[in-house]
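Q: Structure below; questions to follow.
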């Protein structure tokens, strides 16, 4: 959302009467809910987001905000890395092991650059720098990181 969008969290016990209507109601404000709300608003809908926790983010917030994108994003290229959806898929299949849903992984990898571009278009900043030490949460604001597991493929 933006500065023009007021957000006033209230406990359900404080709400005595409810008569609000919206074109689209989004349950949960994790990455999927955020995406749904943005696209519905872009399409002209009045959107209402309902979140049961005290903040937004869902499982993505628990992951430190880490988003796995690859397949040849402009950020990867800017940091000197060549990647492709096929290479990304090979890593994902190896990392996820037996039982991984190959069709879903293929779709995700083929759309990864588009996902990255969508995030940038929405104003998500990706600093054009690479944190090259293995780890799950870089200590700085580098846009690209190395988790250490990429050599699995």
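Q: Obtain the nm distance between the two label points defined at residue 67 and residue 124 by a simple spin-label model: each point lies 7 Å from its Cα along the Cα-to-C-beta direction.
A: Output for this residue pair reads 0.1 nm.
Q: Also, quick follow-up: Would you calculate, for the chain, the mean residue ellipticity at 222 nm contributed by helices, counting each DSSP H stretch of 4 or more residues as -39,500 (n - 2.57) and dividing by all residues, to the nearest 500?
A: -10500 deg cm²/dmol
Q: At 7 Å along Cα-to-Cβ for each site, give me the label-to-label distance between residue 25 and residue 87 in nm.
A: Distance between label points: 4.7 nm.
Q: Which of 84, 112, 13 moves the most in a Gaussian network model of the chain with Cα springs under 10 Å?
A: Fluctuation is largest for 13.
Q: Now for a separate question. Taking 0.36 nm per residue of sequence separation and subtracting the Cα-Cα distance, how much length would be gained by fully extending the chain between residue 137 and residue 32, in nm to one decimal?
A: Here the segment from residue 137 to residue 32 would lengthen by 35.6 nm.
Q: Counting only C-alpha contacts under 8 Å and six or more residues apart, can you give the relative contact order of segment 74-152 as a whole percent?
A: Once divided by the residue count of segment 74-152, the mean separation gives 30 percent.
Q: The list (i) 1.24; (ii) 0.97; (iii) 1.02 gives values of Cα Rg over 2.2 N^0.38 Å, and only one came from this structure; which label was calculated from it?
A: Read-out from the structure maps to (i).
Q: Taking the Cβ-Cβ separation of residue 43 and residue 94 as r and a Förster radius of 30 Å, what is the calculated FRET efficiency to the nearest 0.05?
A: So, using R0 = 30 Å, E works out to roughly 0.20.
Q: Order of 108, 29, 68 from fewest to most other C-beta atoms within 10 Å?
A: Arranged by neighbour count, lowest to highest, 108, 29, 68 become 68, 108, 29.
Q: Starting from the Cα gyration tensor of segment 74-152, take the square roots of the eigenvalues, sort them a ≥ b ≥ c, and report rounded, prolate or oblate (rounded when a/c is under 1.5, otherwise prolate if a/b is larger than b/c, else oblate).
A: oblate
Q: Name the most mobile residue of 105, 15, 38, meaning the one with the largest mean-square fluctuation, in a Gaussian network model of the chain with Cα contacts below 10 Å.
A: With Cα springs under 10 Å in the chain, the top fluctuation among 105, 15, 38 is at 15.
Q: Right, something else. In whole angstrom, how far apart do the alpha carbon centroids of segment 55-96 and segment 8-30 sit?
A: 33 Å
Q: Now for a separate question. How much length would be gained if the chain were fully extended between residue 101 and residue 114, taking 0.36 nm per residue of separation minus their Cα-Cα distance, in nm to one decimal?
A: 2.6 nm
We did not get these values from a lab; they are worked out from the coordinates using the rules stated. Only a predicted model underlies this, so the values are computations on that prediction, with no experimental measurement involved. Methodologically, a virtual Cβ is constructed for each residue, glycine included, from the backbone with ideal geometry; neighbour enumeration extends over all protein chains shown.
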